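What follows is a set of notes on a single structure, which appears directly below.
Throughout, read-outs are computed from the coordinates displayed, never taken from laboratory work. What you see is a predicted model, and the numbers here were worked out from it, not measured in a lab. A quick note on method: Cβ atoms are made from the backbone with ideal geometry, for glycine too, and the neighbour counts reach across all protein chains shown.
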Ligand code: NAD
């Protein structure tokens with residue numbers, strides 16, 4: 001059985017304890033590889049290796065940093081099929097989706113920040129003829145990058161790329177639930193000639209390996225994507241140590257449909273925004289709010305469209321929906337469907353596990369589920385489910401739907417459907433979330449700020465935001481006379 005290795009100081013190594021964890025294929029329920037169960041000692045070596053590499057990497061010209069990052073991007077492209085297959089097997093997502101979205105985006109992340117760093121600039125301010133200020137932006141040191149399981153290589157590289165482009169060295173930990181593409185990525189970094197110690201990848205559990213990274217005194221900057229409760233605990237550890245923190249956390253995103261929308265487009269896109277990646281994208285719209293005059297029409301068109309979503313073996317072409325990521329996660333999602341029923345919800349379609357015959361008969365498949373008849377403030381509509389479950393509720397006025405949209409503890413993303421330009425701007429302005437899409441969904445321009453308000457996070461990634469995050473500004477004031 002394949003054993004994944006840690007990537008420390010340019011080499012693939014076993015965990016010091018020689019302990020491993022099982023890695024399960026969620027489409028079959030079978031253990032198919034082993035992951036290092038790394039602990040403090042492995043993290044210590046990784047941090048020391050990153051520290052040792054920092055001086056030379058931070059002094060490497062930006063052009064040379066960009067060159068090696070571009071080589072890594074080219075290798076991701078070259079290994080597109082292999083990486084996509086690994087992502088689908090590890091995560092349960094349709095292979096087609098991994099090919100189209102996850103792997104191309106990982107290459108794009110590396111290229112985006114390889115070129116971005118060559119255009120990044122700092123400022124100069126001159127108040128009069130006597131003084132001039134200039135601001136430098138220098139790399140900080142060893143960055144800790146921790147990512148979740150839903151978009152494994154996509155989110156892992158989204159953190160690593162700006163961190164190393166800016167001249168930091170990194171100790172990174174992918175999710176223990178989906179470690180395979182991070183391992184394959186470490187092989188590509190070696191092949192591309194990334195200097196030893198610039199990136200170190202430690203595999204293992206969050207509470208053990210992850211916590212050791214967060215607690216380490218020589219890791220002054222941390223970029224974390226994951227659940228809100230994990231984010232809270234990370235902040236509690238890191239804040240008294242005065243670490244720089246970027247937290248990209250959970251969401252409960254509203255999808256607001258006004259009666260004057262482009263109906264067919266709103267229905268089709270809302271089905272995608274509800275169930276893409278089995279609903280396991282932090283940006284999925286999980287609460288659909290529909291203006292009452294088109295509510296019935298929308299619900300029936302939506303359910304009709306959901307019937308066409310084929311749940312199948314993720315490696316087949318017909319699969320529109322694959323397996324959810326793990327058995328515990330499947331149980332969590334199913335428990336929310338039960339909760340929704342207890343709260344008076346009506347399940348219009350789905351609501352149960354699905355048996356996919358053949359090699360996937362023991363896999364973790366859930367039918368895309370649509371629930372109505374729930375109030376905006378019940379637990380089902382307040383807590384993050386993060387699975388193929390969506391609720392639909394009617395609203396009467398613009399004020400009311402803004403109140404519904406803003407009623408959760410989260411504020412990550414929102415989608416608004418209307419052909420009324422003024423209303424689009426007004427509602428976008430009044431919804432408290434970091435990302436708003438009007439008449440579209442998940443259109444990503446990597447230059448834009450990405451992140452959430454309220455309990456969806458602290459700070460922003462993307463574009464210059466990430467390069468600012470991974471650098472320390474210093475203002476130098478010079479007397480000219
Ligand atoms: P999680 O919080 O359980 O784990 C995320 C990562 O943190 C994993 O690598 C895990 O091992 C690690 N971890 C866990 N405890 C830790 C600790 N004490 N110290 C350090 N590291 C620790 O999240 P998950 O279940 O993997 O991912 C799903 C969550 O991620 C959802 O809530 C989803 O909304 C969120 N998410 C947010 C975004 C965003 O950009 N805002 C993107 C994707 C996913």
| note | Sorted largest first, the C-alpha extents of the stretch 1-152 along its principal axes in whole angstrom are 71, 38, 24
| note | the chain: antiparallel bridges as % of DSSP beta bridges, rounded to 5, reads 45 percent
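As a footprinting exposure proxy, order 303, 13 by other Cβ within 10 Å, with the fewest listed first.
With the sparsest Cβ surroundings first, the list reads 13, 303.
May I ask you to derive the FRET efficiency for residue 432 and residue 134 from their Cβ-Cβ distance with R0 = 41 Å, giving the value to the nearest 0.05?
Values: r = 37 Å, r/R0 = 0.89.
It comes to 0.65.
So what's the stretch 1-66 giving for Cα Rg divided by 2.2 N^0.38 Å, two decimals?
On the way: Rg = 16.1 Å, N = 66, 2.2 N^0.38 = 10.8 Å.
Rg over 2.2 N^0.38 Å, computed on Cα atoms: 1.49.
Please pull out the direction-averaged projected area of the chain, using the convex hull of its alpha-carbon atoms, in nm² to one decimal place. Each step should come with its number before you reach the end.
On the way: hull surface 95.5 nm².
If I average the Cα hull's projected area over directions, I get 23.9 nm².
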| message | For the chain, what does the helix formula give at 222 nm: sum of -39500 (n - 2.57) over DSSP H segments with n ≥ 4, over the residue count, nearest 500 deg cm²/dmol? | response | -11500 deg cm²/dmol
| task | For the stretch 254-446, calculate the relative contact order in percent as a whole number, restricting contacts to Cα pairs under 8 Å that are 6 or more residues apart. | result | 27 percent
| query | What is the extension gain from residue 300 to residue 354, computed as 0.36 nm multiplied by their sequence separation minus the C-alpha to C-alpha distance, in nm to one decimal? | reply | 17.2 nm
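Got the relative contact order for the chain handy, in percent, Cα pairs under 8 Å and 6 or more residues apart?
With pairs under 8 Å counted, the relative contact order is 19 percent.
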| Cα centroid separation - the stretch 253-299 against the stretch 158-206, whole Å | 36 Å
| remark: In nm, the gap between the two label points placed 7 Å beyond Cα toward Cβ at residue 472 and residue 342 is 5.0 nm
| message | Test of understanding: extend the Cα→C-beta vector of residue 447 to 7 Å, then name every residue of the stretch 119-154 with backbone N under 14 Å from that spot. | response | 119-121
| query | Over the stretch 254-446, how many percent of alpha carbon pairs lie in each 10 Å bin up to the one with the longest distance? | reply | 9, 38, 36, 14, 2, 0
| field | Compactness relative to 2.2 N^0.38 Å, alpha carbon Rg of the stretch 349-459 | value | 1.28
| task | State the Cα centre-to-centre distance between the stretch 27-81 and the stretch 324-368 in whole Å. | result | 35 Å
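What's the exposure ranking of 97, 12, 184, 480, going from fewest to most Cβ atoms within 10 Å?
Values: 97 23, 12 15, 184 18, 480 9.
Going from least to most buried by this count: 480, 12, 184, 97.
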| said: Using a Debye calculation, one point per C-alpha and no hydration shell, please list log10 I(q)/I(0) for the stretch 309-390 at q = 0.17, 0.24 Å⁻¹ in order. | reply: -0.66, -1.11
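Express in nm, to one decimal, how much length is gained between residue 122 and residue 400 on full extension, taking 0.36 nm for each residue of separation and deducting their alpha carbon distance.
Working: separation 278, 0.36 × 278 = 100.08 nm, distance 4.38 nm.
Contour length minus Cα-Cα distance gives 95.7 nm.
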| said: Can you give me the distance in nm between label points at residue 260 and residue 67, each placed 7 Å from the Cα along the Cα-to-Cβ direction? | reply: 5.7 nm
